[in-house]
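First comes the structure, then the notes that go with it.
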There are 2 protein chains.
Amino acid sequence: MTSDVRLIEIKEDILSDNTVQAEELKRRLKEKKTFLLNLMSSPGSGKTSLILRTIERLKERFSIGVLEADIDSMVDAEKVAASGVRAVQLKTGGFCHLDAAMVRTGLEAFDLDGLDLVIIENVGNLVCPAEFDTGSARNAMILSVPEGDDKPLKYPLMFSVCQVLLVNKVDYLGLSDFNMDLLKERVRKLNGGIKIIEVSCRTGEGIDEWAGWLANEVEEYIR
Amino acid sequence: MTSDVRLIEIKEDILSDNTVQAEELKRRLKEKKTFLLNLMSSPGSGKTSLILRTIERLKERFSIGVLEADIDSMVDAEKVAASGVRAVQLKTGGFCHLDAAMVRTGLEAFDLDGLDLVIIENVGNLVCPAEFDTGSARNAMILSVPEGDDKPLKYPLMFSVCQVLLVNKVDYLGLSDFNMDLLKERVRKLNGGIKIIEVSCRTGEGIDEWAGWLANEVEEYIR
């Protein structure tokens with residue numbers, strides 16, 4: 001038996017166990033009326049910046065918490081806490097993704113009765129986080145323009161499991177050969193129902209549309 | 001026992017098995033005088049572009065092969081093959097990294113007696129590939145300017161295991177708040193001996209320095 005075959009079996013085992021835990025967590029969050037958003041992307045695509053923009057727009061309307069996953073630092077949680085919402089840092093200690101059990105542990109640090117919206121900033125990675133249901137109500141991903149329009153061809157699962165795609169750093173569009181129409185065509189081939197929003201966390205472009213979409217999702221869920 | 005503890009044990013098991021396989025592969029490559037370079041980065045940082053630039057500069061001097069790792073596509077291997085060197089595509093089928101056994105399998109598709117240099121384009125990911133010795137003589141990583149200067153704080157292992165860091169897309173420097181001095185300081189705290197080269201695969205800036213460094217390493221190894 002080769003080493004990769006063994007690894008696949010282990011992964012399947014972990015994945016089915018995770019699905020059970022994710023379903024339990026979803027039931028609990030629905031009872032508590034806490035909307036959990038799982039935000040995923042490559043390193044440096046703009047997850048923390050998007051979260052800060054989202055807090056700016058929605059903190060008067062909802063009570064918000066942020067669960068930061070990082071392998072070995074607190075920098076993002078410190079930035080988020082400075083914006084005035086509750087932030088919890090989960091150090092994953094080398095893990096490349098969050099699973100439902102890690103998220104449950106992180107959520108224990110919040111009082112869920114007082115929270116409408118918790119945003120998970122997942123580990124920066126387009127591969128592993130896509131495989132693990134975190135118990136979230138919605139999965140969102142960011143692709144930034146400098147990463148290129150070919151990413152749906154290379155990381156198809158990530159594009160398939162998300163309900164919304166933010167294409168960030170659109171202020172870089174003129175500088176690159178990124179083809180937005182081609183990107184959208186590639187994404188929609190994988191996931192016909194996905195919502196695609198063009199944004200720039202730097203200039204603020206598109207943030208109203210994103211905040212509007214998210215606010216509607218949260219309202220529908222918690223009412 | 002919690003699910004994460006179980007996962008750690010599995011990983012350690014896989015890692016120690018991988019180390020043995022990587023050492024075997026290193027011995028075999030040294031005998032064959034084939035220099036194996038393991039190139040890692042986030043998705044979209046410019047691995048394929050750097051490989052194409054490297055082939056351009058070094059293909060008259062060395063016989064080169066490229067081992068492309070991709071979860072589910074052939075696009076990179078097709079681009080590389082079009083540049084006139086031998087390319088092998090390894091579809092990792094969801095795996096987030098290459099290990100030594102996968103690399104050995106990929107290398108079987110080459111005639112190593114005729115090759116001086118094989119470049120591995122690892123899966124786009126700053127986490128998992130850093131944990132697995134592929135049997136390479138040298139590890140190189142790319143960080144692109146749009147990803148931000150805080151990445152050494154978040155993905156320290158990757159910066160620690162590489163002998164050379166290419167900072168790519170330096171033509172974007174004027175557009176962002178990326179601080180090159182701060183980046184270098186953060187990287188050198190993790191890895192005092194690392195060589196750092198600023199490049200732009202688009203404009204060609206710094207490619208001479210990179211190709212010179214790599215050519216020296218290959219010459220020393222194969223002579």
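The values are calculated or read from the model by the stated rules, or taken from the named source; none is laboratory data. Since the model is a prediction, treat every value here as computed from it, not as a measurement. In this analysis, Cβ positions are derived from the backbone assuming ideal geometry, glycine residues included, and neighbour counts consider all displayed protein chains. Note: accessible area is taken over every heavy atom of the protein model, side chains too, but ligands, DNA and RNA are not part of it. Shrake-Rupley method; radii C 1.70, N 1.55, O 1.52, S 1.80 Å.
Observations on the structure shown:
- Counting only protein heavy atoms and a probe of 1.4 Å, the accessible surface of the protein assembly as shown is 47% carbon and sulfur.
- A 1.4 Å probe over all protein chains sorts A:SER16, A:SER41 by accessible area into A:SER16, A:SER41, starting with the largest.
- Highest-fluctuation residue, A:GLU121, A:GLU31, A:GLU131 considered, GNM on chain A with Cα pairs under 10 Å: A:GLU31
- Under a Gaussian network description of chain B, with springs only between Cα atoms under 10 Å, the residue in B:GLY65, B:GLY212, B:GLY135 that fluctuates furthest is B:GLY212.
- Label spacing, shortest first and in nm, from A:MET74 to its equivalents in the remaining copies (7 angstrom along Cα→Cβ): 5.1
- Cysteines in chain B lacking a second Cys C-beta under 4.7 Å: B:CYS162, B:CYS201
- Chains B and A together bury roughly 3700 Å² of accessible surface, counting both sides and using a 1.4 Å probe on protein heavy atoms.
- Å² per residue, accessible surface of the protein assembly as shown at 1.4 Å: 40
- Accessible area in the full protein assembly, largest first, 1.4 Å probe, for A:LEU90, A:LEU143, B:LEU173: B:LEU173, A:LEU90, A:LEU143
- Measure of compaction for chain B (Cα Rg per 2.2 N^0.38 Å): 1.00
- For the protein assembly as shown: span of alpha carbons on each principal axis (Å, largest first): 71, 49, 43
- Cβ-Cβ distance of B:LEU173 and A:ASP177, R₀ of 25 Å, FRET efficiency by 1/(1 + (r/R0)^6): the value works out to about 0.85.
- Inter-copy label distances at B:GLU220 (7 Å, Cα→Cβ; nm, one decimal): 6.0
- Set of lysines near B:LYS91 by C-alpha distance (under 23 Å), chain-local residues within fewer than 8 positions excluded: A:LYS11, A:LYS151, A:LYS154, A:LYS189, B:LYS11, B:LYS26, B:LYS47, B:LYS79
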